[in-house]
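The values are calculated or read from the model by the stated rules, or taken from the named source; none is laboratory data. These numbers come from a predicted model, not from an experiment. Cβ: placed from backbone, ideal geometry, glycine included. Neighbour counts: every protein chain shown.
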Amino acid sequence: MAIAPTDAPPSLATSTVLDDVVNTDLPVLLLVWNGETLRAEVKTELENAARDHEGRIQVVKADASKTPEYAERFELGKHPLLIGLVNGEILGRRPRPWKTDIQGMVEMLLTHAPAAAPKKQEKAPAVSKPVHVTDKTFQKEVLESPLPVLVDFWAEWCGPCKQVAPILDKLATEFAGKIRVAKVDVDANPGLSQAFRVMSIPTLMFVKSGKIVGQQAGALPEHVLRNAIQQLVSLTV
């Protein structure tokens with residue numbers, strides 16, 4: 001039987017797949033009706049169930065006006081009928097179902113469903129050198145980064161900034177895949193400097209899970225920066 005894809009409504013069952021609906025290994029949430037208009041909230045909730053629990057339960061709509069064997073098999077009356085089946089056995093029936101009836105039936109069926117497949121965690125690409133961010137890219141590159149970020153506010157004319165730059169290049173390579181090093185040119189991006197109250201440069205800002213967890217002005221030596229990065233990586237936010 002065709003299962004509804006994640007971005008489509010539940011599949012419309014026909015008489016050619018009635019046995020599949022009854023005999024499938026997965027729990028089945030079945031709505032049988034006589035072709036009249038269904039409540040909008042009922043249709044929406046069926047679509048949600050098909051999308052959210054794909055691979056664990058099957059969600060099927062059957063128009064008994066076109067497939068009368070459904071009406072006979074499930075003793076359909078005048079009104080829509082919601083049925084929960086497991087291995088062909090009817091575990092629940094709800095005539096004239098509402099949204100809450102669908103939710104309750106789904107919860108019951110999920111107790112008989114296979115375990116959900118673990119979600120794959122998105123891995124951030126290992127960047128081995130600092131990335132330059134701007135007013136437009138700061139949100140995505142820093143605040144939405146899945147990795148902790150060390151942000152360096154700097155300028156071309158700044159002598160201490162030039163002293164820190166090679167250290168940051170080295171640490172970006174050393175901690176590739178664990179942190180990101182981002183550089184903000186304060187002359188080209190004055191809005192960021194004002195937003196984060198950067199009064200002198202270089203200023204280093206430590207960000208994790210979208211939160212600023214530390215900020216330090218001045219050119220820090222390599223061993224201090226390495227220790228700060230190690231703390232940032234292990235920090236729980």
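Would you confirm, using the coordinates I've provided, whether Ile102 is farther than 21 Å from Asp25 by Cβ, β-branched (Val, Ile, Thr), surrounded by 15 or more Cβ atoms within 10 Å (Cβ to Cβ) and at pLDDT 90 or above? So Ile102 passes the test. Would you confirm whether any residue within segment 113-123 is among the hydrophobic types (A, V, I, L, M, F, W, C), on the phi < 0 side of the Ramachandran plot and more than 21 Å from the chain's Cα centre (by Cα)? Yes: segment 113-123 contains one or more residues that are among the hydrophobic types (A, V, I, L, M, F, W, C), on the phi < 0 side of the Ramachandran plot and more than 21 Å from the chain's Cα centre (by Cα). Take segment 24-62 and flag every residue that is in contact with an Asp or Glu (Cβ under 7 Å, 6 or more places away or on another chain) and crowded, with 19+ Cβ neighbours inside 10 Å. Scanning segment 24-62 gives a single hit, Trp33.
For the subset of segment 181-210 comprising residues that are among the charged types (D, E, K, R) and at pLDDT 95 or above, which member is farthest from the chain's Cα centre (by Cα)? Only one residue tops the list, namely Asp187.
For the condition more than 20 Å from Val21 (Cα to Cα), out of contact with any strand residue (DSSP E or B) (no Cβ under 6 Å at 6 or more places or on another chain) and either of a type in the set (Ser, Thr, Tyr) or at pLDDT 85 or above (or both), what is the one hit in Thr67, Thr37?
Going through Thr67, Thr37 in turn, the sole match is Thr37.
When segment 3-13 is limited to residues that are surrounded by 14 or more Cβ atoms within 10 Å (Cβ to Cβ) and in a loop (DSSP other than H, G, I, E, B), the one that is modelled with the highest pLDDT turns out to be Pro10.
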